[in-house]
1. Those residues that are in a helix (DSSP H, G or I) and of a type in the set (S, T, N, Q), I need them from the stretch 23-64; list them, please.
2. Run Ile39 past the list (1) surrounded by fewer than 21 Cβ atoms within 10 Å (Cβ to Cβ); (2) modelled with pLDDT under 90; (3) in contact with a helix residue (DSSP H, G or I) (Cβ under 7 Å, 6 or more places away or on another chain); (4) over 16 Å from Ala311 (Cα atoms) and report the number of the one that doesn't hold.
3. When residues of the stretch 88-103 are filtered for being assigned to a helix (DSSP H, G or I) and farther than 15 Å from Thr11 by Cβ, how many remain?
4. Residues that are over 30 Å from Leu316 (Cα atoms), touching a residue at least 60 places away in the same chain (Cβ under 8 Å) and crowded, with 16+ Cβ neighbours inside 10 Å: does the stretch 95-106 have at least one?
5. Of all residues in the stretch 1-16, which are surrounded by 12 or more Cβ atoms within 10 Å (Cβ to Cβ) and not basic (Lys, Arg)?
6. Within the stretch 79-88, track down each residue that is within 12 Å of Val315 (Cα to Cα) and surrounded by 11 or more Cβ atoms within 10 Å (Cβ to Cβ).
7. Residues being small (Gly, Ala, Ser) and closer than 15 Å to Ala378 by Cα: count how many of those fall in the stretch 73-90.
8. Would you pick out the residues in the stretch 27-45 that are under 13 Å from Gln60 (Cα atoms) and over 20 Å from the mean Cα position of the chain (by Cα)?
Amino acid sequence: MSLLDRYIVRTVLGAVGLVMAVWLILGGLYIFIGQQGDIGVGHYTVVDAMWYTLLNLPQQVYQLLPITALIGSVIGFGQLARGSEITVIRATGVSVARLAGTTLLAAAVLIALEGALGEFVAPQLQEAANQQKAFSKYNSVGFGGGAGAWVRDGGLILNVARQSGSRQFVGMQVFELSPGHSLMAIGRAASATAAGQHTWMLGGYTESRFFYRSVDGAAAPPGCDEHSTQCRPPPVDRVTASPPGQKVLQSNVTAGFLGLAVQDPEQLTLRSLWQLIQYFHTNSLDARQYLFAFWSKIARTVAIAFSVLLALPFVLGSMRSAGAGTRTMLALVIGIVFFLLQRLIESGTIVFNLDPVILAWLPTALLAAVTLLLLARAR
């Protein structure tokens, strides 16, 4: 890497860092204001809210990096153009292709940062923030001792022993009751994973199901009248046991209720998403939401390269004579459109049963087409 390359990369990364700092201040303030309604619940204090905000900042960086890369690159190259450095660089014979290659070096650093945040930093810190908030607010939910946490959801009673990792729980017991409050089944899972909204993926699940002897022709246990003082459940006819396997459990008792796991697919790592996709496909379940999240995370990371490259036409094309404020505002509009388009497509993928892979790449493809077209016209 030449001295010129290092200078351009340093200028671009410095401007991106400055823009990211501004975004983080605004984003952190927004998160902290959103926590005001929870302060005072249980033992959740202002200090806890500040820690929650700080631990969520890496996720903010991860989500906003494509936009800040575009705005920061425009500002960085604008500084070079304002000092006539771009003019001098072009006058020495440096081609647009050479400048684009140098720009991609800065993009590679940002892409590496995005990948590290998405896989190793942001989800773990956000998980820690949710766990800290849950234990502060719901101090009655305990995972200590031998009892674990007990929660009832309609005809289901769930007992979770303890947390073993990100979204992972050890020893979930499932008690299924009939409308008449008779015990229908007892199940135990060696592991339980929060797989999505109102969905648990149970591993090593064994179940004992009770079948009651028919009473007066009734095929199902009649249960007991809760107002009766003399009530005897029907006799058990037989009990069947299932071998260990996997089971998808639908329950309103979500991991988000306990505050110990992440439910939003956008907040999962690529490895976790891929495992969920394989599991859902194996069990013939709808995995569109996870497919979109998986490819969207990859496409958003790739989009950083085109976001940085898009800054070049701003200083080489017809926009080179525009002011810094005009260029920055245009870059901000493009970034916001990219962000909103991605969110709109996410909703359309789930609601309208569209191909999640194609739609996940659509915003990045549009950004790439615009960038390459403007670069081809730059002189």
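1. Thr53, Asn56, Gln59, Gln60, Gln63
2. (2)
3. Keep residues of the stretch 88-103 that are assigned to a helix (DSSP H, G or I), which gives 88-91, 96-103.
Imposing the further condition that a residue be farther than 15 Å from Thr11 by Cβ reduces the set to 90-91, 96-98, 100-101.
Number satisfying all stated conditions: 7.
4. Taking the stretch 95-106 first, the residues over 30 Å from Leu316 (Cα atoms) are none.
No, the stretch 95-106 contains no residue that is over 30 Å from Leu316 (Cα atoms), touching a residue at least 60 places away in the same chain (Cβ under 8 Å) and crowded, with 16+ Cβ neighbours inside 10 Å.
5. Within the stretch 1-16, the subset surrounded by 12 or more Cβ atoms within 10 Å (Cβ to Cβ) is 4-16.
Once the filter is applied, which keeps residues that are surrounded by 12 or more Cβ atoms within 10 Å (Cβ to Cβ) and not basic (Lys, Arg), the stretch 1-16 yields Leu4, Asp5, Tyr7, Ile8, Val9, Thr11, Val12, Leu13, Gly14, Ala15, Val16.
6. Gln79, Leu80, Ala81, Arg82, Glu85, Ile86, Thr87
7. First, pick out the residues of the stretch 73-90 that are small (Gly, Ala, Ser): 73, 76, 78, 81, 83-84.
Pick out the ones that are also closer than 15 Å to Ala378 by Cα and you get 81.
Within the stretch 73-90, residues that are small (Gly, Ala, Ser) and closer than 15 Å to Ala378 by Cα number 1.
8. Matches in the stretch 27-45: Leu29 only.
The values are calculated or read from the model by the stated rules, or taken from the named source; none is laboratory data. Keep in mind that this is a model prediction, so the values were computed, not measured. Note that we place each Cβ from the backbone using ideal geometry, even for glycine, and neighbour counts take in every protein chain shown.
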